[in-house]
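The values are calculated or read from the model by the stated rules, or taken from the named source; none is laboratory data. The shown structure was predicted, so the numbers you read here are calculated from the model rather than taken from an experiment. Don't worry about glycine lacking a Cβ; one is built from the backbone with ideal geometry, like all the others, and counts go over all protein chains shown.
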Amino acid sequence: MSLITTLARLEAVESGRASPLATVRHRQLSEHPLVLVPLTTAGEAGAPLGALIGTDRQQPRLLTVAQPRDRELRFAFLAELADAVLPYLEAYGDDVELVERNATDAESGKRIKEEVELCADAPQLIVPGRAGIDFVRLLGRSMRFRRTVEQDPDAAYPAPPHVPLLGRWLTHYGERARVPGSSLLLAATDLLNRHWATGQSSLEDQHLGALLAWIDPAEGESGAQAALRAESYRDPRGQLVCPPAGPATDPAFDNRLLAPAVEAYDRVRQRWQAAQDGDEADSWMGELAIAEREIRRLLRTQMEPTWHSVWRAIDLARELPEGARVADRWTRDRWSFTAHRDRVRAGEPPQPRRDDAVTAARKLASRETAQAQLEAQEALDDPLVLAGRRLSGEAFIGEVTDVVMAWSESKRPAPRPLLTFHTDDRPHLGERTKVYRSLDGKPQSAEFVRYETDGVLVLRLTDRMGRAKDPAEGSVPEKGDRIAWTLFEHDQRGGPKLPDPEETPWTHGGPPGTDAESPDLITPEDLL
Amino acid sequence: MRGPAARPRPLDARALAALAANPGCKRRALLDGAGVDKGALAAALGSPMASGQSQFAFMRGNAFEARVKSDGGAELMRLLGVADPTGLQLPDLSAAGPDGRAARTALALREATTAKEWTLLDHPMLALEVAGSPAYLEPDAVVVHPDGQWTVVEIKSFPMIDASADAAKVGAAARQAAVYVLALEQVAARTEGAQVAQSVLLVCPKDFSNLPTASVVDVRKQLSVTRRQLSRLTRVEDIAATLPQGATFDLERSGDELMAAVDSVSAAYAPDCLAACEMAFHCRAAARTDGDISALGRSLRGELGGLTTGSAVLAAARGEAGDPRDPAVAALRRAAALRAGALEAAGCR
């Protein structure tokens, strides 16, 4: 944590309200995000308990599983989830724009231009917290290797249609969430923590209710008080006033409310199954519906507060103006979405259980580039982030006090003007250190020449001045201009390009890909 | 100290691992050493914490453990890589009281080592002295190899998906298992030909099924950390000696008395405590009242030099206090100026 963040936290402690960590919004927010608040069964992997989902905050769709150990009921839930998510995702798949990009012609090996489709916008999924992102990934893993009847008529427990497809999409979203700066799948807590510092530790900031309490406390209440209430206040029945944002439930809820309701449901269902005649079965059927309704009601009470908190978090983040380079990162997200759409349409198999060496190396390299790019872009978009870089000597702001024209000593002299620059910052400059500034959104570079006196330095401008002997108009700063220079590059070029999989030597390729498509082993009772 | 009516709460491996993670906390060492029910104490002080386990998770954990140990231990031996454990011994370890059970376990371990046969000890009892008070530990199972090697088996119900499990959960399991290994080593020291394996067998459900799968986890690192931290723990008697006369944690006493007694022992609160200690809310409230900056995270202390309270840091940053020649103070002032300038430029406030 930088000193500036530490100060922001301490200011929040003092004032009892969160203090800003950013002056613009650094994440894309879709106009119609799909919010998902999932719940899972304690102790079980991949046994969802329920979910609130939807793009309309007034009308979330409630999905529940009355008995999470029943495979049929779980499958019914997953089918409903697919029904809620897939149409939303697919709606974005057909609205495309054509983009030109460079490619290599397969036959001649020449560089050519080709036109490809890029989805005009991408669907965005928002969950309450990081545990929610992990759960999306887990759900994806649990579904993408399932087989439907169509795929495998002999499958012992065929999954409903669309469930494997949903698994592939959730896997893609879960994987994309690991790319720094990506906004396809966001956690509400991450969204808030990026833009505000609270007076509590980053561990406590993972609690969505407590986090909102600091950022948006009620009138006349301090953030600390409100956060404590969100964390620990219980009603007379011992239930948390602000239930956990999931997917894990509160043990007190499980033990006192949910377990008895599930037991009642089981009892009625046994009676119903044992019923002798139609009339008896019908009456038990009615009882069963009542028992199920009770479970739905209970689960709704646990998810609804979180549902509203996530939307509140979205509202708060929307109040900030969007950073200038957010759209650029969102374009990458659109590419990612389009690429996966193409893979699904081409009928490619689901993502393998484990990436092979080549894919893993590519992913790692692209995430490193994305991280560096995110850091640079956030600093350029936001003076408060830039302040952190200035403090660490990676950027400096000041005023041009003099400009002296000079030229390079080659046959065709190119302009290399010398700028005298005054700054109070203390950048870590060495001889010929390159520095960059943003000129009409493009980086212009200069190199450090020498210090004149303390706080006054000389820079030599080195590019973006046109081909002529005299620099193009507006490309050289004038006396009195205030400029922010950075020591880091604005556009991150990834490292050297990795060879194609076919060209990768066997020493670096890892073992050949294995049974990517084989379904998971299934036992008659897959839960205990 | 815990009051005459209260039964002592025994220390378990989880508590020991938590204690070893924060060895500077005298409050926790004393309360655990004296067997005080910290959850009830925190509730009496008005800062209760949620505790307990969901019965769904509890049932699943028990059912999974039973499944792993079913079939006379054959399944467990298969996970250990022993296809045909002929003559596998399953000694009966029941005895009266924890002391009796610990003695019975030690005897069974000795017999098994001498017999040079595969032996599975189901829920053995181990004794370990921590900071001058005894702790009783109950690992899920211990396997004795014919060559005299003892292996701790830890059965957990979180899944191993595609042969990898949640790193945080594996870490917690490894720390817990290290405590068992430590306790076993004491028994092994008194047994000829015995040796405790420095890696444990972690058994988890495979993927989304209820089939067990296992992985050998090397706990040497956790073992050396735990050993060092436990030896660093101040002896409980020494802490108790610093208590004022008549201080007691008897839950029958009034809240004010308890509060005074608790506050007379120093605590070392950090946010990690929230996940590991029932007293965390109480200690956090106290740390916040004092303005202690470690309540915001342990890492903060490093960059702030000698400044330990929030108000001191803010005063130094605003130039109201502190020596500007102190590099920490100078850096703070620069940071404050840069932050204020940036916020002003952006038109906030």
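Odds and ends about this structure:
- Segment A:197-209, residues that are surrounded by fewer than 24 Cβ atoms within 10 Å (Cβ to Cβ) and away from chain B (no Cβ under 11 Å): A:GLY209
- Checking B:PHE56 against (1) at pLDDT below 85; (2) more than 25 Å from B:ALA286 (Cβ to Cβ), the condition it does not meet: (1)
- Every test in (1) modelled with pLDDT under 90; (2) closer than 24 Å to B:LEU223 by Cβ is passed by B:PRO4 save one, and that test is (2).
- Residue pairs whose Cβ atoms lie under 6 Å apart, separated by 6 or more positions or on different chains, with the first residue in segment B:320-349 and in the same structural domain as B:THR308 (by TED's automatic domain parsing) and the second surrounded by 14 or more Cβ atoms within 10 Å (Cβ to Cβ) and basic (Lys, Arg), are B:LEU338/A:ARG390.
- Criterion (at pLDDT 90 or above and either farther than 20 Å from A:LEU380 by Cα or more than 9 Å from every other protein chain (Cβ to nearest Cβ) (or both)) met by exactly one of B:ARG349, B:ARG339, B:ARG325, B:ARG333: B:ARG333
- Residues of segment B:134-157 classified as more than 19 Å from B:TRP118 (Cβ to Cβ) and surrounded by fewer than 19 Cβ atoms within 10 Å (Cβ to Cβ), total: 3
- Flag for B:THR105 being touching a strand residue (DSSP E or B) at 6+ places or on another chain (Cβ under 7 Å) and within 21 Å of B:VAL196 (Cα to Cα): yes
- Residues of segment B:248-264 that are surrounded by 13 or more Cβ atoms within 10 Å (Cβ to Cβ) and either assigned by TED's automatic domain parsing to the domain that holds B:GLU129 or in contact (Cβ under 8 Å) with a residue 60 or more places away in the chain (or both): B:THR248, B:PHE249, B:ASP250, B:LEU251, B:ARG253, B:LEU258, B:MET259, B:VAL262.
- Of all residues in segment A:494-528, those satisfying the criterion of being at pLDDT 70 or above, surrounded by 10 or more Cβ atoms within 10 Å (Cβ to Cβ) and either assigned by TED's automatic domain parsing to the domain that holds A:ARG141 or part of a loop (DSSP other than H, G, I, E, B) (or both) are A:LEU498, A:PRO499, A:THR504.
- Identity of the residue in segment B:16-49, part of a helix (DSSP H, G or I) and not aliphatic (A, V, I, L, M), that ends up farthest from the other protein chains (Cβ to nearest Cβ): B:GLY33
- Of note, A:GLU72 satisfies the criterion of being of a type in the set (Asp, Glu) and away from chain B (no Cβ under 14 Å).
- Scanning segment B:50-74 for residues that are surrounded by fewer than 16 Cβ atoms within 10 Å (Cβ to Cβ), over 23 Å from the mean Cα position of the chain (by Cα), of a type outside the set (S, T, N, Q) and within 14 Å of chain A (Cβ to nearest Cβ) yields B:ALA63, B:ALA66.
- Residues that are at the interface with another protein chain (Cβ under 7 Å from one of its Cβ atoms) and in contact with an Asp or Glu (Cβ under 9 Å, 6 or more places away or on another chain) were ranked within segment A:1-29; the one that is farthest from A:ALA187 (Cα to Cα) is A:LEU3.
- When residues of segment A:67-119 are limited to those that are modelled with pLDDT of 90 or more and assigned to a loop (DSSP other than H, G, I, E, B), the one nearest to A:VAL37 (Cα to Cα): A:GLN67
- Criterion applied to B:ALA131, B:ALA141, B:ALA174 was being at pLDDT 90 or above, in contact with a helix residue (DSSP H, G or I) (Cβ under 6 Å, 6 or more places away or on another chain) and of a type in the set (Gly, Ala, Ser), and the one residue passing it is B:ALA174.
- Scan of segment A:83-114 for residues that are in contact with a strand residue (DSSP E or B) (Cβ under 8 Å, 6 or more places away or on another chain) and under 30 Å from A:GLY167 (Cα atoms), ordered by number: A:ALA84, A:VAL85, A:TYR88, A:TYR92, A:GLY93, A:ASP95, A:VAL96, A:GLU97, A:LEU98, A:VAL99
- Odd one out for A:ALA245, checked against (1) within 14 Å of another protein chain (Cβ to nearest Cβ); (2) surrounded by 23 or more Cβ atoms within 10 Å (Cβ to Cβ); (3) not in a helix (DSSP H, G or I): (1)
- Sole residue being acidic (Asp, Glu) and touching a residue at least 60 places away in the same chain (Cβ under 8 Å), chosen from A:GLU150, A:GLU114, A:GLU175, A:GLU204: A:GLU175
- Qualifying residue in segment A:109-118 (condition: surrounded by 13 or more Cβ atoms within 10 Å (Cβ to Cβ) and either more than 26 Å from the chain's Cα centre (by Cα) or under 19 Å from A:LEU184 (Cα atoms) (or both)): yes
- Selected residue (only one of B:ALA108, B:ALA168, B:ALA96, B:ALA163 is of a type in the set (Gly, Ala, Ser), under 20 Å from the mean Cα position of the chain (by Cα) and either surrounded by fewer than 17 Cβ atoms within 10 Å (Cβ to Cβ) or closer than 28 Å to B:PHE64 by Cβ (or both)): B:ALA168
- Selection status of A:LEU63, in contact (Cβ under 8 Å) with a residue 24 or more places away in the chain and under 26 Å from the mean Cα position of the chain (by Cα): no
- So B:ALA247, is it more than 11 Å from every other protein chain (Cβ to nearest Cβ) and not in a helix (DSSP H, G or I): yes
- 3 or more residues in contact with a Leu (Cβ under 9 Å, 6 or more places away or on another chain) and without any contact (Cβ under 8 Å) to a residue 24 or more places away in the chain: qualifying strands (runs of 3 or more DSSP E) within segment A:441-493: A:442-453
- Of the residues making up segment B:207-233, those that are charged (D, E, K, R) and modelled with pLDDT of 90 or more are B:ASP218, B:ARG220, B:LYS221.
- Of all residues assigned to segment A:336-354, none qualifies as being part of a helix (DSSP H, G or I), over 18 Å from A:GLN124 (Cβ atoms) and not assigned by TED's automatic domain parsing to the domain that holds A:ARG168.
- Meets criteria (buried (at least 16 other Cβ atoms within 10 Å of the Cβ) and within 8 Å of chain A (Cβ to nearest Cβ)) for B:ALA316: no
- Filtered residues of segment B:171-212 (kept if hydroxyl-bearing (Ser, Thr, Tyr) and either within 14 Å of another protein chain (Cβ to nearest Cβ) or surrounded by fewer than 22 Cβ atoms within 10 Å (Cβ to Cβ) (or both)): B:THR191, B:SER199, B:SER209
- Residue list for segment A:30-66, restricted to those being in a loop (DSSP other than H, G, I, E, B) and buried (at least 19 other Cβ atoms within 10 Å of the Cβ): A:SER30, A:PRO33, A:THR41, A:ALA42, A:GLY43, A:GLU44, A:ALA45, A:GLY46, A:ALA47, A:PRO60, A:VAL65, A:ALA66
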